[in-house]
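Colleague: Have a look at this one.
The values are calculated or read from the model by the stated rules, or taken from the named source; none is laboratory data. This is a predicted model, so every value here is computed, not measured. Don't worry about glycine lacking a Cβ; one is built from the backbone with ideal geometry, like all the others, and counts go over all protein chains shown.
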Amino acid sequence: MPDLAFLNGQIIRIEDAFVSIEDRGYQFGDAVYEFIESFDFHIFCLDEHLRRLQCSMEQIDFPTISFSDLKNQIINLFTLSEYKRAGCYLQVSRGVEPRAHSYTNKVSPQVTMTIKNLAHLDPGVNTKGIGIRTCEDYRWGMCHVKTVQLLPAALEQHKAKKAGLADTVFISKEGYVREGTCTNIFMIKNNILITHPLDNHILPGITRDVIINRICKKEKIAVQEQYYDINEFYNGDEAFLCSTVMKIQPIIEVDGKKIGTGAPGPLTKKIQAFYDQLIYHL
Ligand code: PLP
């Protein structure tokens, strides 16, 4: 099977899938999205992704859709692809109507998906660690909503890549460490995982939630969801980024400064191993 697209109920080849120039996602960034992966034919955290999608849609006043139908359509797309290891990008826009800032909510939201083979991605954990940079958080005030308005994230990830780094982490005006361009972030001090609490300044990451509520709870690893600033971060023992796509990436350098010993730390390695077991059902 080739990579496939889903466009409002139809499954077609990606090259044949087009949306209207008057789609509000295209003209206003008036759309939300999810990225969902499968491992060994199992879709990971599908219900969690659907719940977050529903929250995102509610937060920005979208008309509702049938999430049970959508769930079946997602499962069907994964099944049809026959990919053992796949990634599904799902986008819901407010729909297509003549361009005007205000909206009617009288047209149906437009649901599009693509499914691609991820077999080429290295399934192994990152044992070397990554370097990151930071910048002031200049994004909007609703970062808990997973919208497609990703220009600050795109610009800052590009700067990181150009500098040979894995990501940029946004720091608030007051100095609090928020999250990466497409990742959440944890620091570790005295064997306690510390991460920004859920509020309007960060995305409630599915991976973040799996780490806190499935791995750390079960393994009795202490977690504190609290604000911490960049100086505390520089002085942490360990740190890591996490996301659906990046899994768990040990941070060994921030803004040119070494974190801890400058190598992936023991607790980060433990969390990497537990996460790997979870996604591959070992
Ligand atoms: N934070 C931001 C800003 C993101 O865009 C993402 C993923 O796209 C994440 C965190 C990680 O979320 P998840 O673990 O659900 O992939």
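Colleague: So residue 224 ticks every box in (1) polar (S, T, N, Q); (2) in contact (Cβ under 8 Å) with a residue 40 or more places away in the chain; (3) more than 13 Å from the ligand (Cβ to nearest atom) but one. Which box is left unticked?
Modeller: (2)
Colleague: Related question: Just checking, which of 38, 102 is surrounded by fewer than 16 Cβ atoms within 10 Å (Cβ to Cβ) and over 15 Å from residue 146 (Cβ atoms)?
Modeller: 102
Colleague: Could you check the stretch 1-86 for strands (runs of 3 or more DSSP E) lying wholly inside it with 3 or more residues that are in contact with a helix residue (DSSP H, G or I) (Cβ under 7 Å, 6 or more places away or on another chain)?
Modeller: In the stretch 1-86, 4-7, 31-39 are the strands (runs of 3 or more DSSP E) which contain 3 or more residues that are in contact with a helix residue (DSSP H, G or I) (Cβ under 7 Å, 6 or more places away or on another chain).
Colleague: Search the stretch 129-143 for residues that are closer than 13 Å to residue 170 by Cβ and pair each with any residue that is small (Gly, Ala, Ser) when their beta-carbon atoms are under 8 Å apart and the residues are at least 6 apart or on different chains.
Modeller: 132/160; 132/166; 132/180; 133/160; 133/163; 136/172; 137/172; 139/153
Colleague: Look through 191, 126 and report the one residue that is more than 30 Å from residue 10 (Cβ to Cβ), in contact with a helix residue (DSSP H, G or I) (Cβ under 8 Å, 6 or more places away or on another chain) and modelled with pLDDT under 95.
Modeller: From the options 191, 126, the qualifying one is 126.
Colleague: Here's another thing I want to ask about it. Between a first residue in the stretch 259-271 that is buried (at least 19 other Cβ atoms within 10 Å of the Cβ) and a second residue that is assigned to a helix (DSSP H, G or I), which pairs have beta carbons less than 7 Å apart while being 6 or more apart in sequence or on different chains?
Modeller: Final answer for the pair search is 271/211; 271/215.
Colleague: Scanning the stretch 108-121 for residues that are in a loop (DSSP other than H, G, I, E, B) and touching a Lys or Arg at 6+ places or on another chain (Cβ under 8 Å), which turns out surrounded by the most Cβ atoms within 10 Å (Cβ to Cβ)?
Modeller: 109
Colleague: Just checking, does the stretch 54-67 include any residue being more than 19 Å from the chain's Cα centre (by Cα) and either in the same structural domain as residue 209 (by TED's automatic domain parsing) or among the aliphatic types (A, V, I, L, M) (or both)?
Modeller: yes
Colleague: Oh, and also: Among helices (runs of 4 or more DSSP H) lying entirely in the stretch 129-241, which contain 3 or more residues that are assigned by TED's automatic domain parsing to the domain that holds residue 25 and under 25 Å from residue 25 (Cα atoms)?
Modeller: It comes to none.
Colleague: Contact list please: Cβ distance under 6 Å, first residue in the stretch 22-34 and away from the ligand (no atom under 16 Å from the Cβ), second residue at pLDDT below 95 and of a type in the set (A, V, I, L, M), pairs at least six apart or on different chains.
Modeller: Short answer, once both residue conditions are applied: none.
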